[in-house]
Amino acid sequence: MQPGESGRLNARDRVAFRFRVAGALVGLAVIAWAFATSSWGNEWVIALLVVLTFGGAVAYHILTSVVRCPSCTNRVANWHVSSVDADRKLFLCGKCGTSAYLKEGFFWQKDWSG
């Protein structure tokens, strides 16, 4: 990609999607295990679910908020949480002027936010 162009960060989109699916599967597995073993009374199980839920959300936000510019490999961050109507997360490189974007998560956002 040439400086000043705009393009999608496909590799980061794939990593973010895999992270989201893996997190959901691990969370569901812990919930199924807790139901199967009747471990809901144990405070460690509740703590594990809280850590998975909030830690996963924070890790996912960091994963989708800090990227490398595809032209100059400068680190670019966009910490904003996009509106419901947004269809992508835009990253503007201050060094070379390239803009890149992520699409992962936004089709889910529209489906679930109403």
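Inside the range 75-87, residues that are over 8 Å from Ser65 (Cα atoms), touching a Ser or Thr at 6+ places or on another chain (Cβ under 8 Å) and surrounded by 14 or more Cβ atoms within 10 Å (Cβ to Cβ) make up a count of 0. Counting residues in the range 13-27 that are exposed (fewer than 12 other Cβ atoms within 10 Å of the Cβ) and farther than 29 Å from Lys89 by Cβ gives zero. Cβ separations smaller than 7 Å between residues 6+ apart or across chains give the following pairs from the range 34-60 residues that are under 21 Å from Arg20 (Cα atoms) and in contact (Cβ under 8 Å) with a residue 40 or more places away in the chain to residues that are in a helix (DSSP H, G or I) and charged (D, E, K, R): Tyr60/Arg20.
No lab work stands behind these numbers, since they all come straight from the coordinates. Just so it is clear, the structure is predicted and the values come from calculations on it, not from any experiment. Because the Cβ atoms are built from the backbone with ideal geometry, glycine has one as well, and the counts that use them run over all protein chains shown.
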